[in-house]
Amino acid sequence: MTKAVLGVIGGSGIYDLPGLENVREVRIPSPWGEPSGAVRAGTLAGLPVMFLPRHDKGHRLSPSDINYRANIDVLKRAGVTDLVSLSACGSFKEELTPGTFVLVDQFVDRTHKRESSFFGKGLVAHVSMAHPVSPRLRIHLANAALAEGITAVRDGTYVCIEGPQFSTLAESLTYKNLGYSVIGMTNMPEAKLAREAEICYATVAMVTDFDCWHPDHDAVTVADIIKMLNANAEKAKRLVARLAQDFPRDHEGCPIGSDRALDNALITAPEARDPELIKKLDAVAGRVLKS
């Protein structure tokens, strides 16, 4: 049985994870380039936890400058089996007020400048993204939120834009009319790469504001967002602490196959595969490449 290792990616406002015990900062080399920063490895309630600040300390990296492939690769190398993404977002629904946490179950990718796959020329693979969130991980997050008295909505669609600019009014109204729940700038291609790396993935989308569709929020400012970021960050830290306390110590097999996503994904014939790319995939795809 594989032991569970919980990964946490901290988004805007979350650059550390208080409560981690036996902490050490680990710089893990990646063939995909530089990750956002060092991994803070430690334990919470005895559970191994790996924390990575997505924007680095001090919020050094914009959404478009993050090396998503390196981030997921180093977390895979650190042994992460289950990954929680803590992410600030805007809301498209009146009932999703600032301070609400949304445990999204779907994504729409509107990014265009980012490397979105570990695979490509020399080794092609196609993984299913029909259900991008690991359902058991989302249930554990919902139970942790309930135990901590944190308002969390279980379902919703997160549309990821390139940024760093906020939406135009026309874009915001379009996304709202399409029925999306929240908008952010960072969960794609992160969720796609986690699936390729066979890591169970779930997002906690933390609402900071209504997007500009709302007549009372038509000019989102960084100052307004920072106030809510700080309040959300405190709740997020409580949520993660409770999640770790109750989390299974043995990794649970994913009912939708997140942790075996590469079983039937490789399409390139073995004799046509690029040896250099195979070397870079040692962590991400080693399980299937060695078999």
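No value in this document is a laboratory result; all are computed from the given coordinates. Model, not experiment: these values are computed from the prediction. A quick note on method: Cβ atoms are made from the backbone with ideal geometry, for glycine too, and the neighbour counts reach across all protein chains shown.
Couple of notes before you dig in:
- Over all other residues within a Cβ to Cβ distance under 13 Å of Ile150, the charged ones net out to +3, with Lys and Arg as +1 and Asp and Glu as -1.
- Length-normalised contact order for the chain - Cα pairs under 8 Å, 6+ apart - percent: 26
- Among beta bridges identified by DSSP and lying wholly in the chain, the antiparallel ones come to about 35 percent.
- Chain lengthening between Thr168 and Ala269 when straightened (0.36 nm per residue, less Cα-Cα): 31.8 nm
- Summarising the label geometry, the points placed 7 Å from Cα in the beta-carbon direction at Met1 and His131 lie 2.3 nm from one another.
- Cross-link partners of Lys290 among lysines (Cα-Cα below 28 Å; sequence separation of 8 or more within a chain): Lys3, Lys76, Lys121, Lys192, Lys279, Lys280
- The alpha-carbon of Lys57 sits under 19 angstrom from the alpha-carbons of these lysines, leaving out residues fewer than 8 places away in its chain: Lys227, Lys237.
- Under 5 Å, built H, 5+ apart or other chain: amide partners of Cys254: Asp259
- Fully extending the segment from Val222 to Lys279 would add 16.3 nm, taking 0.36 nm per residue of separation and subtracting the current Cα-Cα distance.
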